[in-house]
Amino acid sequence: IEFLDVSEAVCVKLIMVTIDHIYEYYNILADKNESNNSPEAHESFQKLIDATKAGPKEKRLALQFIGRFCKNFPTEMTKALEAIFDLCEDEDITIRKQAIKELPTLVRASPETLPRVVSILIQLLQANDATEITQVQGSLLAVYYLNQIETVSEILNEIQRSQEDLLRKRALRFLCTRIGALDENDLSKDVEEHIIKKSKEIANYLDPEEFVTVIKLLSGLKSMQTLLTRQELVNMITTQCHLEEGWN
């Protein structure tokens with residue numbers, strides 16, 4: 001009975017977080033922006049994180065303010081990240097899309113979060129709603145522009161690790177249609193060479209359809225337009241065919 005009472009008290013506390021409360025937290029954080037180590041500012045940011053468990057309107061506003069102030073509270077970054085990850089699976093699609101949109105902000109504030117954020121975004125490519133997938137792709141591109149080589153590495157690593165066919169195919173499609181289609185200003189020679197290197201590393205983990213997709217990606221790269229690099233593609237295909245006779 002005592003346990004139930006405590007749970008009910010927690011629920012009541014969460015439900016009582018209002019829009020006005022969240023604006024109060026915002027005002028404190030805005031005033032303390034240059035001295036964010038103050039206990040009052042720290043507590044307000046923690047309450048913003050807690051507000052992600054309140055009602056729909058409160059969740060959306062809390063998300064917005066967490067993204068704005070997270071850079072000032074590195075010690076709370078893990079909690080902020082977990083709270084936003086939870087909202088990426090919210091039952092309300094508008095909240096999910098807003099949470100997905102905020103993820104690059106956290107990477108910008110804390111670059112070490114990039115691997116986890118990319119992993120989550122790749123998993124979210126399995127969404128059923130087309131507009132949600134578009135938002136995921138937009139956030140992946142935003143993260144890509146923050147660190148191109150590391151983002152490509154994490155996408156390919158996720159493809160290699162995952163046993164989910166839909167995830168692997170949509171992640172590869174993203175690489176081909178969104179990353180591979182970028183011009184040379186956004187897809188440098190170094191990034192292309194990294195894509196080539198990582199693609200060779202994961203080739204043995206791909207099924208026939210996925211392998212063909214990777215070959216299409218590589219063949220479209222500027223770095224693969226010389227006779228020497230074209231021969232590398234041929235060698236890659238030949239090797240794969242010999243290793244994967246079981247495909248037939």
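The values are calculated or read from the model by the stated rules, or taken from the named source; none is laboratory data. Here the structure is a predicted model, which is why all the values come from computation and not from measurement. Cβ atoms come from the backbone with ideal geometry, glycine included; neighbour counts cover every protein chain shown.
Does at least one position in the range 18-29 carry a residue that is within 24 Å of the chain's Cα centre (by Cα), part of a helix (DSSP H, G or I) and surrounded by fewer than 21 Cβ atoms within 10 Å (Cβ to Cβ)?
No; the residues of the range 18-29 include none that is within 24 Å of the chain's Cα centre (by Cα), part of a helix (DSSP H, G or I) and surrounded by fewer than 21 Cβ atoms within 10 Å (Cβ to Cβ).
Keeping to the range 88-116, report how many residues are free of Cβ contacts under 8 Å to residues at least 24 places away in the same chain and assigned to a loop (DSSP other than H, G, I, E, B).
Number of matching residues: 2.
Which of the following residues is among the basic types (K, R) and at pLDDT 95 or above: R161, R108, R173, R178?
So the residue among R161, R108, R173, R178 that is among the basic types (K, R) and at pLDDT 95 or above is R108.
Quick one: in the range 62-80, which of the residues that are crowded, with 21+ Cβ neighbours inside 10 Å and aliphatic (A, V, I, L, M) is farthest from the chain's Cα centre (by Cα)?
Step by step, filter the range 62-80, then rank; the result is A62.
Checking the conditions here, which among T113, T134 is of a type in the set (S, T, Y) and more than 11 Å from the chain's Cα centre (by Cα)?
Selected residue: T134, the only one of T113, T134 that is of a type in the set (S, T, Y) and more than 11 Å from the chain's Cα centre (by Cα).
How about the range 216-240: which of its residues are in a helix (DSSP H, G or I), under 25 Å from the mean Cα position of the chain (by Cα) and either farther than 19 Å from T151 by Cβ or in contact (Cβ under 8 Å) with a residue 40 or more places away in the chain (or both)?
Result: K216, L217.
For the range 91-114: of the residues being touching a helix residue (DSSP H, G or I) at 6+ places or on another chain (Cβ under 7 Å) and more than 21 Å from R68 (Cα to Cα), which is surrounded by the most Cβ atoms within 10 Å (Cβ to Cβ)?
The selected residue is I93.
I'd like the full set of residues that are in contact (Cβ under 8 Å) with a residue 40 or more places away in the chain and among the acidic types (D, E), limited to the range 169-200.
Hits for the range 169-200 are D186, D190.
Return the only residue of I155, I149 being surrounded by 19 or more Cβ atoms within 10 Å (Cβ to Cβ) and out of contact with any strand residue (DSSP E or B) (no Cβ under 6 Å at 6 or more places or on another chain).
Every option except I155 fails the conditions.
Please identify the pairs in which a residue from the range 129-143 that is in contact (Cβ under 8 Å) with a residue 40 or more places away in the chain has its Cβ atom under 9 Å from the Cβ atom of a residue that is part of a loop (DSSP other than H, G, I, E, B) and surrounded by 21 or more Cβ atoms within 10 Å (Cβ to Cβ), counting only partners at least 6 apart or on another chain.
Listed pairs, sorted by first residue: Q137/L125.
If you check N128 against the conditions, is it among the polar types (S, T, N, Q) and assigned to a helix (DSSP H, G or I)?
No; evaluated as a whole, the condition is false for this residue.
Is it the case that A80 is over 22 Å from T134 (Cα atoms), at pLDDT 95 or above, assigned to a helix (DSSP H, G or I) and of a type in the set (G, A, S)?
So A80 passes the test.
Name the residues in the range 176-199 that are among the hydrophobic types (A, V, I, L, M, F, W, C) and in contact with a helix residue (DSSP H, G or I) (Cβ under 8 Å, 6 or more places away or on another chain), would you?
C176, I179, L187, V191, I195, I196
Give the range 203-213 a look and list any residue that's within 15 Å of R161 (Cβ to Cβ) and either at pLDDT 90 or above or touching a strand residue (DSSP E or B) at 6+ places or on another chain (Cβ under 9 Å) (or both), or say none.
E210
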